[in-house]
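Report on one structure; see the data block that follows.
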Amino acid sequence: MATDAAISANPPKRLPGRKYDRQFFFAMTLLLVAVVAIGFAPTYYLAGVFRAPLPSRIVHVHGAVFSTWMILLTVQTGLISAKRVGWHRKLGVAGFLLACGMVVTVVLTAADFALRAKGNPNAEALLGLLVVPFTDAFTFAVLAGFAYALRKDAAAHKRLIIIATAGISRAALVRWHIPILLHQMQAAYTATYVFLVLLVAYDLWSTRRIHRATIWGGAFLILMGQIGHYIGPTAAWHAFAHWVQSWGV
């Protein structure tokens, strides 16, 4: 009887579960938008967007598509926060098509970079760097693809979308005017892992376990972020990069 009374007097705490999902993922989206806005403000947003002095037309297209993705992501998470699930689902197809456009423009922008490297004394070193946008494009394509395939599993879907977008935020972080990040590719990759830490912390706080999408999506992001160090210097990669250079984009 005394034991029963003690248990009833100190009932186990109920975990939050998915109670705060809407607020958390909307906040994560706003944080990603802030990261991108800060990174690209000097050379793109504050430079006039379409009037910004970018090196080629395809870079302008990529900037527009990238920005549209961030806007759509904000709208989509905002719709979920407002419990407008029907509208969110209708925009989902547009989101999938835009994600495909993201991958295409990243690849074409990389090809444009390769073409502009011709005649540069450091051309081979620059072609080695081409591994970065290609691995980024592949990482985003896989994560966004799985997010779309698992769209009926809301918990997995939203985590994979955040991880996919965190991966491409590397391009913004490397432009932050902070010595540890500016033009420091590895540091920028590491900084994207902050979003993984936040997801893990939220999972543990809300359910006391890390969601499988956080585990597998995060592991894939980290793997692809590191694999370029080993691929970039190889003869096979440079042969591929020269072929990309021949596209003449």
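Once the Cβ-Cβ distance of residue 240 and residue 52 is raised to the sixth power relative to R0 = 25 Å, the FRET efficiency obtained is 0.25.
Provide the per residue accessible area, probe 1.4 Å, for region 124-217, rounded to a whole number of square angstrom.
I get 46 Å² per residue for this part.
At q = 0.07, 0.13 Å⁻¹, what base-10 log of I(q)/I(0) does the Debye formula yield for the chain when every alpha carbon is treated as an equal point scatterer in vacuo? Calculated log10 I(q)/I(0) at the listed q: -0.28, -0.85. Against the longest principal axis of the chain, how steep is helix 21-40, in degrees 0 to 90 to the nearest 10, with axes from Cα atoms? For 21-40 against the chain, the angle is about 20 degrees. Note on region 30-168: semi-axes of the ellipsoid equivalent to its C-alpha gyration tensor, largest first and rounded to whole Å, are 30, 17, 12.
Given +1 on the Cβ of Lys and Arg, -1 on the Cβ of Asp and Glu, and no further charges, what dipole in debye does the chain carry about its Cα centre, rounded to the nearest 20?
On the way: 22 positive and 7 negative charges, 182 e Å.
With Lys and Arg at +1 and Asp and Glu at -1, about 880 debye.
Using the crude model of +1 on Lys and Arg Cβ and -1 on Asp and Glu Cβ, and no other charge, please compute the dipole size for region 76-161 relative to its Cα centre, in debye to 20. Mind showing how you got there, number by number?
On the way: 10 positive and 4 negative charges, 133 e Å.
Dipole magnitude for region 76-161 comes out near 640 debye.
Could you please state how large a percent of the accessible area of region 37-141 is carbon and sulfur, counting protein chains only and using a 1.4 Å probe?
71
Here the simple spin-label model places points 7 Å from the Cα toward Cβ, and for residue 37 and residue 23 these points are separated by 2.1 nm. Between 40, 111, 125, the Cα set farthest toward the positive side of the dipole of the chain (charges on each charged residue's Cβ, about the Cα centre) is that of 40.
The values are calculated or read from the model by the stated rules, or taken from the named source; none is laboratory data. None of these values were measured; they are calculated from a predicted model. Note: ideal-geometry Cβ built from the backbone for every residue, glycine included; neighbour counts use all protein chains shown. Each accessible area value is taken on the protein alone, full model and side chains, heavy atoms only, with ligands, DNA and RNA left out. Shrake-Rupley method; radii C 1.70, N 1.55, O 1.52, S 1.80 Å.
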